[in-house]
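Report on the structure given below.
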Amino acid sequence: MLEIKNLHVTVEDKEILKGIDLTIMPGEIHAVMGPNGSGKSTLAYIMTGREGYEVTEGEVLYQGRDLLAMAPEERAAEGVFLAFQYPVEIPGVPNTTFLKEAVNAQRRHRGEDELDAMQFLKVVRQKVKELGIADEMLKRAVNVGFSGGEKKRNEMLQMALLEPRLAVLDETDSGLDIDALKAVADGVNALRAPDRSMLVITHYQRLLDHIVPDKVHVLAGGRIVRSGGKDLARELERTGYAEFATVAA
Amino acid sequence: MTTAGAQPFVEQYGALKGALPGVGLPWLAELREAGLARFASLGLPTPRDESWKYTNLRPLEKVAFGTPNGEAVSIDRLPSLLPAGASENRLVFVNGHYRADLSTLKSLREGVEIGSLAAGLERSPETVAEYLGQIAPAGGAAGEQPGEQPLLALNTALSGDGLMLRLGRGAKVKTPIEVIFIGAATEQALAYHPRNLIVLEPESQAVVIEHHVSLGGGATFANSATEIELGDGALLHHYKMQAEGPETFHVSTVHARVGRDAHYDSFGMSLGSRLSRNEVSVRLNGQGANCHLNGAYMVRGKQHCDTTTLVEHLVPRTSCREVFKGVLDDEARAVFQGRIVVHPDAQQSDGHQLSKAMLLSERAEIDIKPELEIYADDVKCSHGATAGDLDHEALFYLRSRGLPEGPARRLLIEAFLTESIEAIAAEDLCPAFLASIADWLKT
């Protein structure tokens, strides 16, 4: 599904990622954990094509294709989804309009018929119900006035509607109370499928109590310094990241 | 002495004065002569005039405008902003001439007078005399008052036809009164000077929609003037769409007097003309008087769009909200000049003003000049202005969900402008305004 090979990335002339190697097979969930400033968010953004990140070396293959050569909208339409750490507020655009535009843009890209208003409403109502989201959130402008939990749930709603092949969750647990965290995790788990992979980026282990990963990687100082199974997350919870600070330096 | 730029218009007056509305009325002839004298001495405004610092009329001076004859133009389809049946009163003016054959007027009832100004001057000249040139004084010697408006003076001299609306005490006209101004020119450039008079006596209510369009693709200069008197407790919703052709000049001067607990609510959308200026002056002269001056504009190419407002708080407890939003592309320029004057007696005045511009090109420009003059101590007044590009974070967010850059940009621009439409009380009008935004974004 995803192959990251020797990836080096600089931001404003500062090297943030210093040679990442990571392979995710279809159906796998990988967690990337690490202290603040280790390059976790850079890894998330580089996957979706945000401006301001320069790849100086290495490559990223998605389903065998050069992901880095694709525009952000092309990546999305090909099945890459980023759940934002800080979802963006868009005043004046009703959430429903936004969701419908997104779904139909991706359908157009894939040569599928667009959903009309009725068809779309039917789909979105079903997803909203499954995720336990208030209908009223659909009418409001995208993320405007949403609480932290509502914003993250809205990300999950988008993910459920867009049905990506590869979902990247960037600190989806940050700022959530335990109920919201569970709701978000339920949304993610509902989407687990043999042909869908996920990259869960988090600082804390607690999200991984609810979304159990197949593999855990520790990112420190721009490198993956250790990889292991789901137990590695527990170990980190006990020991912290202190030991990796020296490894990375 | 007549200035060079003014000379052609002064000559036009000589040729036209026998054919202007209300000919033969001595008071009106006097008003016109005073307007002409004033215009002749002031000349066309230049950037040396403080109020015209950012808007240069030189391109206007270079065009030789002839005098129009509205009767000769055939109109196949009326460009209405309303769905069929939504309006009972529609007045159509072509190059400043009233066209009864294209207009629909519901038979008048007691206390409701809707028609052309020329007809009003024939039917009840004494009523018109009471207000015309009184709400927007344009006579007198140059230099008499600071807010000199040479183009208003020119309009006063050459006033063509326009809307006359007079509602008696308590009269309410529920459906919108639509007034369509068509500028029709081909090779010969034409200038015309619409003049509107709206008098709402106490507790009366109306919705007026102005729609300015072009036919024929030629150059026109529409120099419009509107006087509005709102009696105590009156309510006027005043909407305007200016979608004239790319070769046109559009200048509109509005003067409104708002009485006790009366409300003047105006919204204008500008997307046409190579050069346009909307100048609105409101006198809040009764306690509890309130106004909304809102607008939106979309300009591109080398279009120039000027919004100039003056709100005077003259007595205690008056309020005003102004929000103007614009989108500028290419080398387009916009001007926003907003002046608020709180007079010494006007305690508890509440005045807020906001200009938000979205600049889509590095060569687009907006000049903003807010002016607050406050002579009372217990007031709430503020102004704010923003100018910037599209929100890059929002753009990336949309693209990351699969929207290509073009549609994503359009969605954001549309959202920015749509917010200003949402406050329109005449629901029948919203689809046309929304469609104008969508159309603009498509081209």
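The values are calculated or read from the model by the stated rules, or taken from the named source; none is laboratory data. Bear in mind that the values here come from a model prediction, so they are computed numbers and not experimental data. With ideal geometry, Cβ positions are generated from the backbone for all residues, glycine too; neighbour counts draw on all protein chains shown. Side chains included, ligands, DNA and RNA excluded: accessible areas come from the protein's heavy atoms. Shrake-Rupley method; radii C 1.70, N 1.55, O 1.52, S 1.80 Å.
Taking the DSSP bridge list for the range A:167-249 and keeping only pairs wholly inside it, about 60 percent are antiparallel. Listed by chain and number, the aspartates and glutamates whose C-alpha is less than 15 Å from the C-alpha of B:K356, apart from same-chain residues fewer than 8 away, are B:D306, B:E322, B:D329, B:E365, B:D367, B:D389, B:D391, B:E414, B:E419.
Sequence gap at least 6, Cα distance under 8 Å: using those rules, report the relative contact order of the range A:56-162 to the nearest whole percent. Before the final figure, lay out the partial values.
Values: 84 pairs, mean separation 38.7, N = 107.
Over the range A:56-162, the number comes to 36 percent.
If only the Cβ of Lys and Arg carry +1 and only the Cβ of Asp and Glu carry -1, the dipole of the range B:7-284 around its Cα centre is close to 340 debye. Here each label is just a point 7 Å from Cα along the line to Cβ, and for B:T443 and A:D116 those points are 3.0 nm apart. Of the residues B:E331, B:E178, the one with the largest accessible area comes first in the ranking B:E331, B:E178, computed with a 1.4 Å probe on protein heavy atoms. Bridge orientation summary for the range B:7-284: considering DSSP beta bridges with both residues in this region, about 10 percent are antiparallel. Pairs of C-alpha atoms in the range B:116-221 farther apart than 19 Å represent 56 percent of all such pairs.
Across the range B:390-443, the mean sequence separation of Cα contacts (distance under 8 Å, 6 or more residues apart), normalised by length, yields a relative contact order of 29 percent. Annotation: amide H of B:G160 within the under-5 Å range of B:H193, B:R195, sequence separation 5 or more or interchain, hydrogens built in the peptide plane. Based on the Cβ-Cβ distance from B:E61 to B:R123, what FRET efficiency comes out when R0 is 56 Å, to the nearest 0.05? The pair B:E61/B:R123 has a calculated efficiency of 0.90.
Top to bottom by accessible area (1.4 Å), largest first, where do B:H211, B:H237 land? Don't skip to the end; give the middle numbers.
Values: B:H211 10, B:H237 35 Å².
Greatest to least solvent exposure: B:H237, B:H211.
Listed by chain and number, the lysines whose alpha-carbon sits under 26 Å from that of A:K5, ignoring those within fewer than 8 places in the same chain, are A:K14, A:K18, A:K40, A:K215, A:K230. Compared with its chain on its own, the range A:79-128 contains the following residues whose accessible area drops by 20 Å² or more in the full protein assembly (probe 1.4 Å; ligands, DNA and RNA excluded): A:F84, A:V88, A:I90, A:P91, A:G92, A:V93, A:F98, A:E101, A:A102, A:A105.
Residue-wise HN-Hα couplings along the range B:76-81, as the Karplus relation 6.51 cos²θ - 1.76 cosθ + 1.60 with θ = phi - 60° gives them from phi, are 7, 10, 7, x, 7, 8 Hz; Gly and Pro carry x. Here's how it looks for B:V112: its modeled amide H is under 5 Å from those of B:G168, which are all 5 or more places away or on a different chain.
Accessible area per residue for the protein assembly as shown is 40 Å², calculated with a 1.4 Å probe on protein heavy atoms, without ligands, DNA or RNA. Taking the convex hull of the alpha carbon positions in the protein assembly as shown and averaging its projected area over all directions gives 35.3 nm². Modelled label positions at B:D101 and A:H109, each set 7 Å beyond Cα in the direction of Cβ, lie 5.7 nm from each other. Determine which residues of the range A:207-227 fall in the zone a paramagnetic label at A:N36 would reach in this model, i.e. backbone nitrogen under 16 Å from the point 7 Å along Cα→Cβ. Within reach of a label on A:N36: A:221. In this structure, the residue pairs whose Cα-Cα separation is over 22 Å, taken from A:K129/A:K152; B:K172/B:K380; A:K139/B:K240, are B:K172/B:K380; A:K139/B:K240. Mind telling me which of A:P91, A:P26, A:P35 comes out most flexible in a GNM of chain A, alpha-carbon contacts under 10 Å? Maximum fluctuation in the GNM of chain A, among the listed residues, is at A:P91. Multiplying the residue separation of B:Y375 and B:Q188 by 0.36 nm and removing their Cα-Cα distance gives an extension gain of 62.3 nm. Between B and A, roughly 1900 Å² of accessible area is buried in total, ligands, DNA and RNA not counted and the probe set to 1.4 Å.
Return the carbon/sulfur percentage of the accessible area of chain B, one whole number, probe 1.4 Å, all protein chains in place.
Numbers: 8510 of 17060 Å².
For chain B, the apolar C and S fraction of the accessible surface comes to 50 percent.
For B:T307, the residues whose modelled amide H falls within less than 5 Å of its own, excluding neighbours fewer than 5 places apart on the same chain, are B:N278, B:V335, B:F336, B:Q337. By the helix-only formula, in which each DSSP H run with n ≥ 4 contributes -39500 (n - 2.57) and the sum is divided by residues, chain A has a 222 nm mean residue ellipticity of -11500 deg cm²/dmol.
Legend: calculated FRET efficiency, B:L16 to A:Q126, from the Cβ-Cβ distance at R0 = 56 Å, rounded to 0.05, equals 0.20. Going by Cα centres, the range B:382-443 and the range A:101-136 are how many Å apart? Comparing the Cα centres of the range B:382-443 and the range A:101-136, I get a distance of 22 Å. Would you jot down the residues in the range B:384-407 that end up with at least 40 Å² less accessible area in the complete protein assembly than in the chain alone, with a 1.4 Å probe? Residues passing the criterion (a loss of at least 40 Å², heavy atoms only) are B:E393, B:F396, B:Y397, B:R399, B:S400, B:R401, B:G402, B:L403. Label zone (A:E3, point 7 Å along Cα-to-C-beta; backbone nitrogen cut-off 13 Å) within the range A:49-71: A:59-67. Spin-label model, B:S361/A:L61: points 7 Å from Cα along the beta carbon direction are separated by 4.5 nm.
Given a Förster distance of 22 angstrom, what is the FRET efficiency for B:E393 paired with A:E163, based on the Cβ-Cβ distance and rounded to 0.05?
It comes to 0.35.
Before anything else, pin down the relative contact order of the range A:1-129: Cα pairs under 8 Å, at least 6 apart, normalised by residue count, whole percent. If you can, show how the numbers build up before the last one.
Working: 138 pairs, mean separation 28.9, N = 129.
Relative contact order comes out at 22 percent.
Compute the length gained on full extension between A:E51 and A:T23: take 0.36 nm times their separation in residues and subtract their Cα-Cα distance, giving the result in nm to one decimal.
Working: separation 28, 0.36 × 28 = 10.08 nm, distance 2.41 nm.
Contour length minus Cα-Cα distance gives 7.7 nm.
Our coupling estimate for the range B:58-67, obtained by passing each phi through the Karplus curve with A = 6.51, B = -1.76, C = 1.60 and θ = phi - 60°, is 3, x, 5, 5, 7, 9, 8, 8, x, 9 Hz, Gly and Pro reported as x. The antiparallel fraction among DSSP beta bridges confined to the protein assembly as shown stands at about 20%. Within the assembled protein chains, the solvent-accessible surface assigned to A:M1 is about 40 Å², based on a 1.4 Å probe.
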